[in-house]
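Beneath this line is the structure, given in structure tokens, with notes to follow.
The values are calculated or read from the model by the stated rules, or taken from the named source; none is laboratory data. Just so we're clear, the structure is a prediction, and the values are computed from it rather than from any experiment. Please note: Cβ atoms are built from the backbone with ideal geometry, for glycine as well, and neighbour counts cover all protein chains shown. Side chains are part of the model used for accessible areas, which takes the heavy atoms of the whole protein and leaves out ligands, DNA and RNA. Shrake-Rupley method; radii C 1.70, N 1.55, O 1.52, S 1.80 Å.
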Amino acid sequence: MRLAWLARLIGVGLALYLRLVVRTCRVIGPVTRDQVVLTFWHEFNMLTFVVARKGRGDLPHASFSTSGFRGAVITSMLRRSGTKVEVFELPPEEDRAAGRAFALRMARVADSGASLLITPDGPFGPYRVAKPGALILARASGLPVQPWAMSLRPTIRLSGRWDRLLLPLPFCRIRVLEGSRHALEARAPVRPMVAVLEAELDRITKLAGHQSG
């Protein structure tokens, strides 16, 4: 990949910045320490980094990135986060065979004790529209899906991005809300649960906003 060195450098800079936020921020609300599939909208990526580092930093996690420059930045950031995290490249969405193989691989990662972190509307949107990936991984791994939502004070959104990413500042306050967990049996159909997961994420995201004052 061209400019791989620059992607790594940006990732290191982001990791150092977010580690400063971790040391100075205040997190309010429950942060589960169970082994789960942590599921949240893409706009909460940076906040999840902070909350997971602060409340679950000693626990193993697996996360995901795309190929290319942007994915290399995220991979570099996560690997220098100070959290026990493995980073895996996502297969192309249209390649179903690769997707099935990837789910089985993540099941083996879960067998090692790692929680999985995934954004149902990622990596490229549409905004707050859930796709089945988190549920497929939950079914393959046997782990329950744990929806997360957060609010941030002061609130800074990168409105030019498709996900309207929330950017935490040093000394910020992050409120965490955990939604209802969903467990899928090995042969359970995934598609009917996508709307359920989307509705639960929307519900707790709205509630987090109401409680942020």
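Kindly provide the set of residues from region 144-191 that are assigned to a strand (DSSP E or B) and among the hydrophobic types (A, V, I, L, M, F, W, C), ordered by number.
At the first step, the residues of region 144-191 found to be assigned to a strand (DSSP E or B) are 145-153, 157-158, 165-166, 173-178, 182.
Result: V145, W148, A149, M150, L152, L158, L165, L166, I174, V176, L177.
Screening the candidates T83, T75 for the property of being of a type in the set (V, I, T), part of a loop (DSSP other than H, G, I, E, B) and over 28 Å from A195 (Cα atoms) yields one hit, T83.
Within region 125-142, the set of residues being of a type in the set (D, E, K, R) and touching a residue at least 60 places away in the same chain (Cβ under 8 Å) comprises R128, K131.
Residues that are surrounded by fewer than 17 Cβ atoms within 10 Å (Cβ to Cβ) and not hydrophobic (A, V, I, L, M, F, W, C) within region 157-180 comprise R157, S159, G160, R161, R164, P170, R173, E178, S180, listed in sequence order. Scanning region 89-139 for residues that are open to solvent by 20 Å² or more (accessible area, probe 1.4 Å), farther than 20 Å from W162 by Cβ, modelled with pLDDT of 90 or more and not in a helix (DSSP H, G or I) turns up S112, G113. When region 79-88 is filtered for residues that are touching a residue at least 40 places away in the same chain (Cβ under 8 Å) and either surrounded by 21 or more Cβ atoms within 10 Å (Cβ to Cβ) or farther than 19 Å from A52 by Cβ (or both), only S81 remains.
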